[in-house]
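Read-outs: derived from the displayed coordinates by stated rules, not from any lab. Values in this document were obtained by computation on a predicted structure and should not be read as measured data. As a convention, Cβ positions derive from the backbone with ideal geometry for all residues, glycine included, and neighbour counts pool all protein chains shown.
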Amino acid sequence: MTRISIVSAAHEFIAAHLTHGDIAIDATVGNGFDSQFLLNQVTLKGKVYGFEFSQRPLQRRK
């Protein structure tokens, strides 16, 4: 049985649709890995807006 990574599948889907100069939203920034992935897709011409509602990731950054 082949295992499928949901994160990898989501990144592949997003990479196929998100291009340079686009605007993306990371609604659960957490550790920032997905935000970095989105930034790499939109490059310096685009924007990524990030939101975090949980206190735990915010406290780890201090």
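Placing +1 on the Cβ of every Lys and Arg and -1 on the Cβ of every Asp and Glu, with nothing else charged, gives the chain a dipole about its Cα centre of roughly 300 debye.
Grab the DSSP H runs of the chain that are 4 residues or longer, score each as -39,500 (n - 2.57), total them, divide by all residues and round the 222 nm result to the nearest 500 deg cm²/dmol. Before the final figure, lay out the partial values.
Details: 3 runs with 28 residues, N = 62.
-13000 deg cm²/dmol, from helical runs alone.
Could you tell me the relative contact order of the chain? Use alpha-carbon pairs under 8 Å, at least six residues apart, and round to a whole percent.
Numbers: 65 pairs, mean separation 21.0, N = 62.
Once normalised by length, the contact order is 34 percent.
Run the simple label-point estimate for Ser5 and Thr43 please: 7 Å along Cα→C-beta, distance reported in nm. Result for the modelled spin labels: 2.5 nm.
Restricting segment 1-52 to chymotrypsin sites (Phe, Trp or Tyr not before Pro) that sit in a DSSP loop and have at most 12 other Cβ atoms within 10 Å of their own Cβ leaves Phe51. This structure gives Rg and Dmax of the Cα atoms in Å, computed directly, and of [x] 14.8, 50; [y] 12.3, 37; [z] 13.2, 42 that value is listed as [z]. In this simple spin-label model, placing a label point 7 Å from the Cα along the Cα-to-Cβ direction at both His17 and Phe33 gives a separation of 2.2 nm.
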